[in-house]
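Presented below is the structure to which this report refers.
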Amino acid sequence: MFNFKTEIMKAKRFKPEQISRILKEYDLGKDLESIIREYGVGKSTFYKWRQRYGGMEANDLKRLKQLEAENRRLKQMYTELALDHALAKEIIEKKL
């Protein structure tokens with residue numbers, strides 16, 4: 001029988017400071033296999049981090065995460081307003 005809690009692993013979230021530290025360890029010469037084993041990070045995740053955040057300090061990375069979250073929130077707000085506008089426009093056209 002499939003047990004939902006034991007069969008599906010919860011995604012691990014890393015703080016920007018942790019990501020920065022992991023990338024610095026790799027840049028200082030630490031072996032990729034030992035980093036993966038020590039932190040429980042997949043190779044694809046590590047390479048994605050390296051491509052996306054390579055060369056950033058922890059503060060820069062934290063600010064980037066904040067800006068991405070704000071951007072997501074603003075896009076959602078825009079979508080909701082656009083739908084409200086389209087609905088209002090449709091209602092006005094039906095009344096005319």
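Counting only residues that are part of a loop (DSSP other than H, G, I, E, B), farther than 26 Å from ARG63 by Cα and modelled with pLDDT under 85, the stretch 1-47 holds 5 of them.
Conditions tested, residue by residue: (1) within 15 Å of ARG21 (Cα to Cα); (2) in a helix (DSSP H, G or I); (3) open to solvent by 100 Å² or more (accessible area, probe 1.4 Å).
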{"residue": "ARG52", "(1), (2), (3)": "yes, yes, yes"}
{"residue": "GLY55", "(1), (2), (3)": "yes, no, no"}
{"residue": "LEU61", "(1), (2), (3)": "yes, yes, no"}
{"residue": "LEU64", "(1), (2), (3)": "no, yes, no"}
{"residue": "LEU67", "(1), (2), (3)": "no, yes, no"}
{"residue": "GLU70", "(1), (2), (3)": "no, yes, no"}
{"residue": "LYS75", "(1), (2), (3)": "no, yes, yes"}
{"residue": "THR79", "(1), (2), (3)": "no, yes, no"}
{"residue": "ASP84", "(1), (2), (3)": "no, yes, no"}
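The values are calculated or read from the model by the stated rules, or taken from the named source; none is laboratory data. These figures come from a predicted structure and were not determined experimentally. Ligands, DNA and RNA are excluded from the accessible area calculation, which covers all protein heavy atoms including side chains. Shrake-Rupley method; radii C 1.70, N 1.55, O 1.52, S 1.80 Å.
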